[in-house]
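As structure tokens, the structure follows; a few thoughts come after it.
The values are calculated or read from the model by the stated rules, or taken from the named source; none is laboratory data. Just so we're clear, the structure is a prediction, and the values are computed from it rather than from any experiment. Counting neighbours? That spans all protein chains shown, and the Cβs are built from the backbone with ideal geometry, glycine included. Side chains are part of the model used for accessible areas, which takes the heavy atoms of the whole protein and leaves out ligands, DNA and RNA. Shrake-Rupley method; radii C 1.70, N 1.55, O 1.52, S 1.80 Å.
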Amino acid sequence: MADLEKRASGESSDFSNQDAYYAGLDPNTLVDPDEKHSLHRDLSARQISMIALGGAIGTGLIIGSGTALVRGGPLGIFLGYSFVGVVCYMVMVALGEMAAYLPHKKGFPGYGTRFVDPAFGFALGWNYVLKYLIVTPNNINAAGVVIQYWTQKVHIAIWMLVYLPELIGFSQVFFVNLLGVRVFGELEFWFSSIKVVTLIGLLLMGIIIDLGGNPKHDRLGFRYWDHPYGPMGSGQFLSTKVHDHHLAIFLGFWSTLTNALFAYIGTELIGVTVGEAQAPRKNIPIAIRRTFFRILVFYVGGVFVISLIVPSVDEDNTLFIASKSKAGAAASPFVVATTLAGIKVLNHIINAAILLFVLSAANSDLYIGTRTLYGLAVQGQAPKIFAKVNRTGVPIPALLLCTAFCALVFLNVSAGSSKVFGWFVNLVSTFGAITWMCICYTHIRFMKALKAQGMSRDDLPYKAPFQPWGSWFALISTAIITIFKGFDTFIPFTKDTFVTSYIALPTFALFYGGYKFYYRSVLIPSEKVDLITGKREIDEEEERFNREQEAKGPQTKWQKFFESL
């Protein structure tokens, strides 16, 4: 215990005796560079939680939930989003425990490197970079899909070359990210605040429509949960292929799980923001609790309201036409709800709000992809050029590379925006699911290392509830959903959707196996996991920040309220 106490105080590190387990790493990479040459800690708790909220709330809820409703029915979509919401919570608290203990600037791939195996961290990091190289153009493509709701007479290539939202979003997300994390954080806070207010308005609108406050004065209640609409939908999804009504209903419900998985993916990006968070040991747990609560309310509450005001089986085929339309934004159930209720003009306002949603999400996506690539470079697992930052702490080379991938939106010129959107969704959801599983496994290894080295989780800055069962539950649940998420690609077999649904799995294995083969790395024994290196520097940095805050004097009531948002 004496040696353990000495290590915990930061007076020494055993890394030199463990370098055989950290194959391919320079010992210095486990310590964050000083702030002049790395990311700046300028994000407050309210900004962090809003960045996570802005990045997570987007096409999965606003656009994709319409498809989930048609396939799974009102009860199916509610159960699907609720179940995945519980899985998401377990992932978030697991990440929060590690991030509060060691809030370094390498994101959760850094935790994989330290607590599992350098090959594991390398594969996780590049998996996450690939996700954000795809998800940013996905949201920009979604912006093009949204604007086509108003007109399809202009070819999408014209929008992209002249006044398209893709390039508007391209310039916006690039230059906002270029301004530095403090400006980016504040702008994203207000963009996401607008999203929150808009979503609250949409939920209230849905409740009012359901209670009869619509031009038709028709009180809906739970009408769409009864025959012939629900509660599990019509059972028409793949019914002509499987020729079994009950199986079709089950497959419809299962598809809501995959849709919900895509919708919730993005909440884990808080693990990347810890490197730029003020007083991270205090603010990260706060941000995680706030973010999950808000997302749970908006997602579970949102799909519940949607199930009340939009039928899964529509006699006028409005929802079906919208779902299959080239202007896929019309598939937003909120837009469909206003149309069915006979409310004019509001559908255009909602569509404009959706445009803001996806561009805000693209903004935070570019930020996260850039920081993940930077974290890999700092660890020596990506070219060193991506570790360079300017005087405001922006990793310019990493930003330029991630921005260049926005050109993938031009795929929709030949394939069509809706089809490209489907490809991107498949890719992003699998990359994101792998990330969730890796976070859970890393947390399991972290807990084992603490136990093996005589450290109590009760002494951690934040102790995740329901552990270790919570992480195991999330790991196994996400694995099952991921394995079977592309079931519809086999009914009948479709090459493009099969590849986009599963290509991420062999890609992760290739990264992992390639690193292991080259560096001969091994799984780090629990008693040899480095829990100390770099911790003292982070402690000193946080203490310095706290002293500076105390020197400024007590906050006013308005300041306290503002920070509590």
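Is there a residue in the stretch 87-97 that is under 30 Å from residue 221 (Cβ atoms), under 19 Å from the mean Cα position of the chain (by Cα), open to solvent by 10 Å² or more (accessible area, probe 1.4 Å) and of a type in the set (A, V, I, L, M)?
So far as the stretch 87-97 goes, no, none of its residues is under 30 Å from residue 221 (Cβ atoms), under 19 Å from the mean Cα position of the chain (by Cα), open to solvent by 10 Å² or more (accessible area, probe 1.4 Å) and of a type in the set (A, V, I, L, M).
All but one of (1) at pLDDT below 90; (2) open to solvent by 10 Å² or more (accessible area, probe 1.4 Å); (3) over 17 Å from the mean Cα position of the chain (by Cα) hold for residue 412; state the number of the condition that does not hold.
Going through (1) at pLDDT below 90; (2) open to solvent by 10 Å² or more (accessible area, probe 1.4 Å); (3) over 17 Å from the mean Cα position of the chain (by Cα) one by one, residue 412 breaks only (2).
With respect to the numbered conditions (1) closer than 25 Å to residue 258 by Cα; (2) modelled with pLDDT of 80 or more, which one is the sole condition not fulfilled by residue 388?
Failing condition for residue 388: (1).
So residue 555 passes all but one of these: (1) modelled with pLDDT under 75; (2) surrounded by 15 or more Cβ atoms within 10 Å (Cβ to Cβ); (3) part of a loop (DSSP other than H, G, I, E, B); (4) not aliphatic (A, V, I, L, M). Which condition number does it fail?
(2)
Just checking: which of the helices (runs of 4 or more DSSP H) contained wholly in the stretch 193-311 hold 1 or more residues that are out of contact with any His (no Cβ under 7 Å at 6 or more places or on another chain) and open to solvent by 20 Å² or more (accessible area, probe 1.4 Å)?
Filter on the stretch 193-311 gives 239-242, 245-264, 280-309.
Residue by residue, here is whether (1) under 26 Å from residue 208 (Cβ atoms); (2) of a type in the set (A, V, I, L, M, F, W, C); (3) open to solvent by 10 Å² or more (accessible area, probe 1.4 Å); (4) part of a loop (DSSP other than H, G, I, E, B) holds:
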site	(1), (2), (3), (4)
344	yes, no, yes, yes
349	yes, yes, yes, no
353	yes, yes, yes, no
358	yes, yes, no, no
362	no, yes, no, no
365	no, no, no, no
373	no, yes, no, no
380	no, no, yes, yes
385	no, yes, yes, no
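Within the stretch 476-513, can you find the residues that are of a type in the set (Gly, Ala, Ser) and surrounded by 14 or more Cβ atoms within 10 Å (Cβ to Cβ)?
Hits for the stretch 476-513 are 477, 479, 486, 501, 504.
May I ask you to list the residues in the stretch 453-510 that are among the charged types (D, E, K, R) and free of Cβ contacts under 8 Å to residues at least 40 places away in the same chain?
Scanning the stretch 453-510 gives 458, 459, 495.
Before we move on, is residue 464 at pLDDT 85 or above, among the small types (Gly, Ala, Ser) and buried (at least 19 other Cβ atoms within 10 Å of the Cβ)?
Considered against the rule, which asks whether it is at pLDDT 85 or above, among the small types (Gly, Ala, Ser) and buried (at least 19 other Cβ atoms within 10 Å of the Cβ), residue 464 comes out as yes.
Restricting to the stretch 449-461, and then to whatever is of a type in the set (A, V, I, L, M) and either over 27 Å from residue 85 (Cα atoms) or at pLDDT 90 or above (or both), can you tell me which residue is surrounded by the fewest Cβ atoms within 10 Å (Cβ to Cβ)?
452
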